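To start, the structure itself, in structure tokens.
The values are calculated or read from the model by the stated rules, or taken from the named source; none is laboratory data. What you see is a predicted model; the values in this text were computed from it and never measured. Backbone-built Cβ (ideal geometry, glycine too); neighbour counts: all protein chains shown. Just the protein is used for accessible areas: all its heavy atoms, side chains included, with ligands, DNA and RNA removed. Shrake-Rupley method; radii C 1.70, N 1.55, O 1.52, S 1.80 Å.
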Amino acid sequence: MKTSTKDYDYLIVGAGLFGAVFAYLQSQKGKKCLVIDKRDHIGGNIYCEEIEGINVHKYGPHIFHTDKKYIWDFVNSLVEFNHFRYTPLAYYKGEYYNLPFNMHTFYQMWGAATPMEAKQIINEQVEKFGCEVPGNLEEQALSLVGKDLYQKLIKGYTEKQWGMDATHVPAFIIKRIPLRFIYDNNYFDDPYQGIPIGGYNKLINKLLDGIDVRLNVEFLENKSYFELIADKILYTGCIDEFYGFTYGQLDYRSLRFETTLHECSNYQGNAAVNYTDREIPYTRIIEHKHFEFGNQENTVITKEFSTDFTKKDNEPFYPINDHKNNEVYNKYRALSEQQSKYIFGGRLGSYKYFDMDDTIEAAMQLDMELEKKLTKEICNL
Ligand code: FAD
């Protein structure tokens with residue numbers, strides 16, 4: 001049941017997870033939605049490209065994890081998840097270490113087999129560094145975990161991620177470094193984890209089933225047309241771009257991916273290996289088949305390089321929420337609050353990094369807020 005006099009109740013710009021969940025929830029209520037995307041596929045950054053039967057996480061590896069049972073129940077009502085657990089390894093100058101930092105790591109690093117031994121070594125190193133007010137990321141990390149873990153497993157990786165020396169990265173980037181004094185390589189603490197069986201496209205296809213979708217369409221080039229055909233517009237693209245960069249460009253870190261097919265069934269024996277020395281230019285290698293316990297004949301790996309975001313030739317991946325950028329974003333948000341036809345959401349519209357569960361939750365919250373607003377309007381008639 002369409003409630004608008006226009007063709008659509010909602011135009012949703014962006015067929016990523018936020019746009020797809022919102023479209024799904026609104027369609028369930030009988031609203032007519034059109035979803036558009038400038039890319040040639042749906043799914044946004046969780047899209048998987050199939051290569052030789054392997055679901056390749058084209059925009060970086062995605063592991064679903066949450067502590068919110070209702071979000072887990074929601075996604076499981078749409079697709080089935082496997083029991084994948086993210087247990088990355090770190091490679092440093094010929095040595096392998098388990099991540100996140102746990103008893104396996106401490107044993108590999110120092111031969112410390114008990115929590116007491118490991119704690120003692122870390123405490124000694126932290127005390128030796130003796131810094132009370134860390135002024136940069138290096139000092140912050142040294143005062144949290146001591147020199148060995150920092151030098152071998154944090155420094156080079158972080159410097160590649162940020163494209164600068166760790167002494168130039170602000171201390172607030174690392175608030176805490178979890179240390180686990182048990183033998184447990186499961187990266188996430190969340191009780192619900194996994195990968196959709198058959199890949200993330202199944203989840204997005206299910207969400208957008210029966211909803212009008214148009215691909216290869218840049219909204220900003222066809223703005224007046226879309227404003228005419230829809231009552232309301234949800235915009236999940238970059239908010240600064242929407243406003244023509246009036247207050248300047250918001251900064252992001254980006255990634256470059258080198259994906260290759262290998263004629264062997266198992267390249268590295270694990271979904272992810274982080275390269276923590278600075279000399280190796282990439283930050284990690286992902287072997288995609290391991291997300292779904294694949295037994296294909298060949299394998300596909302992706303080397304991930306951290307880069308600056310230049311807008312022209314790469315994607316905005318990680319917002320840099322420092323003081324300067326947050327101030328600029330707040331100005332854009334203030335502008336957006338004056339436009340009743342538009343709603344901004346998703347990671348680019350809100351200039352905020354969201355894990356997938358938080359993205360779904362935010363889309364659900366938006367759906368509920370609109371519902372409440374509508375009920376209030378009807379009551380006031
Ligand atoms: P997006 O997926 O970016 O979708 C936005 C869509 O809008 C895009 O398809 C874009 O093409 C389209 N668009 C933008 N502007 C326009 C326009 N003007 N016209 C038309 N279309 C437009 N989360 C986890 O929970 N676990 C993980 O392991 C994990 N790994 C990640 C790894 C990386 C490298 C990154 C960057 C993120 C990761 N995330 C992970 C977060 C996850 O990707 C996000 O939560 C989710 O993709 C956000 O969805 P979205 O719809 O907000 O944005």
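Any residue at all in the stretch 57-79 that is closer than 23 Å to N270 by Cβ and touching a Cys at 6+ places or on another chain (Cβ under 8 Å)? For the stretch 57-79, residues closer than 23 Å to N270 by Cβ and touching a Cys at 6+ places or on another chain (Cβ under 8 Å): present.
For the stretch 314-340, taking the residues that are among the acidic types (D, E) and in contact (Cβ under 8 Å) with a residue 12 or more places away in the chain, the one that is least open to solvent (accessible area, probe 1.4 Å) is identified as D322. Of everything in the stretch 67-86 that is surrounded by 18 or more Cβ atoms within 10 Å (Cβ to Cβ) and over 20 Å from K206 (Cα atoms), the residue that is farthest from the ligand (Cβ to nearest atom) is F84. Taken over the stretch 131-153, residues that are exposed (fewer than 14 other Cβ atoms within 10 Å of the Cβ) and without any contact (Cβ under 8 Å) to a residue 12 or more places away in the chain amount to 2. Here L220 clears all of (1) open to solvent by 50 Å² or more (accessible area, probe 1.4 Å); (2) within 19 Å of the chain's Cα centre (by Cα); (3) of a type in the set (A, V, I, L, M, F, W, C) except the condition numbered (2). Every listed requirement among (1) of a type outside the set (S, T, N, Q); (2) in a loop (DSSP other than H, G, I, E, B); (3) surrounded by 15 or more Cβ atoms within 10 Å (Cβ to Cβ) is met by I360 save one, (2). Might you check whether a residue that is within 16 Å of the ligand (Cβ to nearest atom), closer than 24 Å to V217 by Cβ and exposed (fewer than 15 other Cβ atoms within 10 Å of the Cβ) occurs anywhere in the stretch 4-25? No, the stretch 4-25 has no match at all.
The residue that is farthest from F18 (Cα to Cα), among those in the stretch 202-226 that are in a helix (DSSP H, G or I) and more than 13 Å from the ligand (Cβ to nearest atom), is S224.
Just one residue in the set I239, I229 is within 28 Å of T307 (Cβ to Cβ), out of contact with any Pro (no Cβ under 6 Å at 6 or more places or on another chain) and of a type outside the set (D, E); that residue is I239. For the stretch 341-356, the candidate set comprises residues that are within 6 Å of the ligand (Cβ to nearest atom) and charged (D, E, K, R); within that set, the residue that is surrounded by the most Cβ atoms within 10 Å (Cβ to Cβ) is R347. With respect to the conditions (1) within 11 Å of the ligand (Cβ to nearest atom); (2) out of contact with any Lys or Arg (no Cβ under 9 Å at 6 or more places or on another chain); (3) not in a loop (DSSP other than H, G, I, E, B), Y59 falls short on a single one, namely (3). Being out of contact with any Lys or Arg (no Cβ under 7 Å at 6 or more places or on another chain), closer than 29 Å to Y235 by Cβ, aliphatic (A, V, I, L, M) and in a loop (DSSP other than H, G, I, E, B): is that true of A15 here? Criteria met by A15. Just to be sure I understand, how many residues within the stretch 347-368 are closer than 16 Å to Y243 by Cβ and among the small types (G, A, S)? Residues that pass the stated criteria total 2. T260 meets all of the listed conditions (1) open to solvent by 60 Å² or more (accessible area, probe 1.4 Å); (2) among the β-branched types (V, I, T); (3) touching a residue at least 60 places away in the same chain (Cβ under 8 Å) but one, namely (3). Among the residues of the stretch 235-254, just one is in a strand (DSSP E or B), out of contact with any Ser or Thr (no Cβ under 8 Å at 6 or more places or on another chain) and either among the hydrophobic types (A, V, I, L, M, F, W, C) or farther than 17 Å from E337 by Cα (or both), namely Y252.
Can V169 be described as at pLDDT below 95 and open to solvent by less than 40 Å² (accessible area, probe 1.4 Å)? So V169 fits the description; yes.
State all residues of the stretch 150-192 that are under 18 Å from the mean Cα position of the chain (by Cα) and among the hydrophobic types (A, V, I, L, M, F, W, C); if no residue qualifies, say none. Across the stretch 150-192, the qualifying residues are W162, I173, I174, F188. Taking into account only those residues within the stretch 37-50 that are within 6 Å of the ligand (Cβ to nearest atom) and surrounded by 21 or more Cβ atoms within 10 Å (Cβ to Cβ), which is nearest to Y200 (Cα to Cα)? Residue satisfying both the conditions and the ranking: I46.
Exactly one residue among K311, K232 is open to solvent by 50 Å² or more (accessible area, probe 1.4 Å), assigned to a loop (DSSP other than H, G, I, E, B) and touching a residue at least 60 places away in the same chain (Cβ under 8 Å), and that residue is K311.
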